[in-house]
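Taking it in order: structure first as structure tokens, then the write-up.
The values are calculated or read from the model by the stated rules, or taken from the named source; none is laboratory data. The model shown is predicted, which means the values in this text are computed figures rather than measured ones. Cβ atoms come from the backbone with ideal geometry, glycine included; neighbour counts cover every protein chain shown. To get the accessible areas, we keep the full protein, side chains included, count just its heavy atoms, and leave off ligands, DNA and RNA. Shrake-Rupley method; radii C 1.70, N 1.55, O 1.52, S 1.80 Å.
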Amino acid sequence: MDKLINDFSFGLFFWQAIILVVIIFLLGKFAWKPIIEALNAREEGIANAIASAELARKEMATLKAENDAILHQARAERDAIMKEAREIKDKMIAAAETEAKVKADAIVEKAKAEVAAEKNAAMAELKSHVSAISVEIAEKLLKAELANKEAQTGLVEKMLDEVKLN
């Protein structure tokens, strides 16, 4: 450090100081102004980008809320449609069961009526056969001699053996 102080030259110092002032003046006139303007423009751009990002964030939050509301509404509509479909299905099943029961009851009643008609027809046919057999027996009895009681009994037994019931 002593060497620097001993070698100090006022002329060199003067010219270096003047060059420094000229450089500062030139930089201030030509360089600082564009640099400051560029920094201000960049700062303004960053501020605008931040504002745009904030606005976009708010819009995204609004859209998300709207989407959630639409999703909630869609789920509610889906649940309502499913409930209505279940009710319609239950009604259709109940109607089909009722109709099937009515048809089954009608078939059973028809079958009972047919069985009763068949029974009545069979009874009528049986009565017809019994009456025909009775008439035959009576005819044969009347044709035979009715004087002998043993002959009458034998004749009736013989007739009954001849007649076979179906």
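Per the Kirkwood formula applied to alpha carbons, segment 45-141 shows a radius of gyration over Rh ratio, Rg over Rh, of 1.87.
What the chain shows is 91 Å² of accessible area per residue, with the surface traced by a 1.4 Å probe over protein heavy atoms. Between Glu54 and Val108, the simple spin-label model (points 7 angstrom out along Cα→Cβ) gives 8.1 nm.
Toward the positive end of the charge dipole of the chain, about the Cα centre and with charges on Cβ (Lys, Arg +1; Asp, Glu -1), which of Ala122, Phe8, Ile36 goes farthest? Toward the positive end, the furthest listed residue is Phe8. Excluding same-chain neighbours fewer than eight residues apart, the lysines reachable from Lys110 by a Cα-Cα span under 22 Å are Lys101, Lys119. Candidate membrane-span-like segments in the chain, meaning DSSP H helices with Cα atoms spread over at least 15 Å of their own axis and a Kyte-Doolittle mean of 1.6 or above, are 10-26, with no membrane implied.
Placing +1 on the Cβ of every Lys and Arg and -1 on the Cβ of every Asp and Glu, with nothing else charged, gives the chain a dipole about its Cα centre of roughly 440 debye. Think of each Lys and Arg Cβ as +1 and each Asp and Glu Cβ as -1; about the Cα centre, that makes the dipole of segment 85-141 roughly 200 debye. The portion of the accessible surface of the chain made up by carbon and sulfur, rounded to a whole percent, is 65 (1.4 Å probe; DNA, RNA and ligands excluded).
The coefficient of translational diffusion for the chain, derived via Stokes-Einstein from the alpha carbon Kirkwood radius under 25 °C and 0.890 mPa s, stands at 80 µm²/s. Based on alpha carbons, the Rg and Dmax found for segment 1-97 are 38.8, 123 Å.
Computed with every protein chain present, the accessible area of Ser134 is close to 60 Å² [probe 1.4 Å].
Placing a pseudo-label 7 Å from each Cα along the Cα-to-Cβ vector at Glu157 and Leu126 gives an inter-label distance of 2.7 nm.
Only helices enter this figure: runs of n ≥ 4 DSSP H residues, each worth -39500 (n - 2.57), summed and divided by the residues of the chain, yield -32500 deg cm²/dmol at 222 nm to the nearest 500.
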